[in-house]
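Here the structure comes first, spelled out in structure tokens, and everything after it is commentary.
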């Protein structure tokens, strides 16, 4: 990772480029930590740190003070270990036969999600000695986790193996992005009962949206994810987080199209006026999803007009269909010299919120970030 105020020659010449603001990343994490009150804030680094790069994200958040880290699987944990030598690394997928060595060699903490995983973990302990774990409780999401009744029975089982001594009890909120949803309170009440049964063990419930639900949801450790990367966490309220990622793509050509003509596959862009169209070097192979087209591609809850880009102070609408490598944007309303071949348009960033682009395609900012392809040249900066 190189931090520089001056872009590299490769970045300057690239057709697609990402500017990743590590200063904003650290600032967002500190903000979520402050909102977590007396609870510690973990750093969630799964999926290559939400697409921005595991190493630079981990180094930045470690320097900002994070010492608890969550990743999806043991392979991600092994890659993370050299970057955070004294950090606690929790593995969301848990431990399975065959990957025990990764856990022991890299001091990874498995999250026990089921009775089957508990058996695997205890078997590993019988052969290798004590090792910490996390107990995951399902409190109403009906995804991973032991049921609350099963967890309470385990807590009260005097005969449970001495080697089973979780360092954390956790659950996951299903509807925290909708603060008024009644399931939030039901999950909280269920989790409070289970957490109390494991006296002396730390507990964790809140994701990014859960942090905003208030102190009752914070417990000992919060797990903010998307908010740290600049995305929306709570529906229907302004996003207070700083954008972390700016995506740009080069204009390859400006075309003049006459009234009545069409463009793109399926003649999906139709022109009611003489227009200028920017042909831009980005497509669904780069994670700019076909569904954001808005023209000839209908999706549940997608924005009918499709996505917008940003160029020289103006939002410019996408036209036609996103293809593998190319997109079309309407630059008719820009001055002639404000849209030229070689210029870059912003796909999302400071001026176009990533969640607005996601909504145009009937998806969420998480998917946009984690879909960013290898054809983007990345530059890491650290703004104040």
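Worth a mention:
- Failed item in (1) modelled with pLDDT under 95; (2) out of contact with any helix residue (DSSP H, G or I) (no Cβ under 8 Å at 6 or more places or on another chain), with residue 285 passing the rest: (1)
- Unmet requirement for residue 55, which otherwise passes all of (1) over 16 Å from the mean Cα position of the chain (by Cα); (2) outside any loop (DSSP other than H, G, I, E, B); (3) more than 24 Å from residue 136 (Cβ to Cβ): (1)
- Any chance residue 202 is touching a strand residue (DSSP E or B) at 6+ places or on another chain (Cβ under 8 Å), in the same structural domain as residue 93 (by TED's automatic domain parsing) and surrounded by fewer than 22 Cβ atoms within 10 Å (Cβ to Cβ): yes
- Flag: residue 210 does not match the condition of being touching a helix residue (DSSP H, G or I) at 6+ places or on another chain (Cβ under 7 Å) and at pLDDT below 95.
- Qualifying residue in region 313-320 (condition: closer than 26 Å to residue 267 by Cα, modelled with pLDDT of 95 or more, surrounded by fewer than 16 Cβ atoms within 10 Å (Cβ to Cβ) and touching a strand residue (DSSP E or B) at 6+ places or on another chain (Cβ under 6 Å)): yes
- Number of the condition not met by residue 252 [criteria: (1) farther than 24 Å from residue 89 by Cα; (2) surrounded by fewer than 18 Cβ atoms within 10 Å (Cβ to Cβ); (3) touching a residue at least 24 places away in the same chain (Cβ under 8 Å); (4) not assigned by TED's automatic domain parsing to the domain that holds residue 341]: (4)
- Verdict on residue 384 being part of a loop (DSSP other than H, G, I, E, B), in contact (Cβ under 8 Å) with a residue 24 or more places away in the chain and under 23 Å from the mean Cα position of the chain (by Cα): yes
- In region 337-354, of all residues being over 13 Å from residue 247 (Cα atoms) and touching a residue at least 12 places away in the same chain (Cβ under 8 Å), the one that is surrounded by the fewest Cβ atoms within 10 Å (Cβ to Cβ) corresponds to 342.
- Residue that is assigned to a strand (DSSP E or B), over 27 Å from residue 21 (Cβ atoms) and in contact with a helix residue (DSSP H, G or I) (Cβ under 9 Å, 6 or more places away or on another chain), where the choices are 321, 276, 378: 276
- Every test in (1) in a loop (DSSP other than H, G, I, E, B); (2) over 17 Å from residue 372 (Cα atoms); (3) at pLDDT 95 or above; (4) within 27 Å of the chain's Cα centre (by Cα) is passed by residue 306 save one, and that test is (3).
- Odd one out for residue 196 among (1) assigned by TED's automatic domain parsing to the domain that holds residue 133; (2) part of a helix (DSSP H, G or I); (3) farther than 28 Å from residue 384 by Cα; (4) touching a residue at least 24 places away in the same chain (Cβ under 8 Å): (4)
The values are calculated or read from the model by the stated rules, or taken from the named source; none is laboratory data. Remember, predicted model here, so these are calculated numbers, not experimental data. Because the Cβ atoms are built from the backbone with ideal geometry, glycine has one as well, and the counts that use them run over all protein chains shown.
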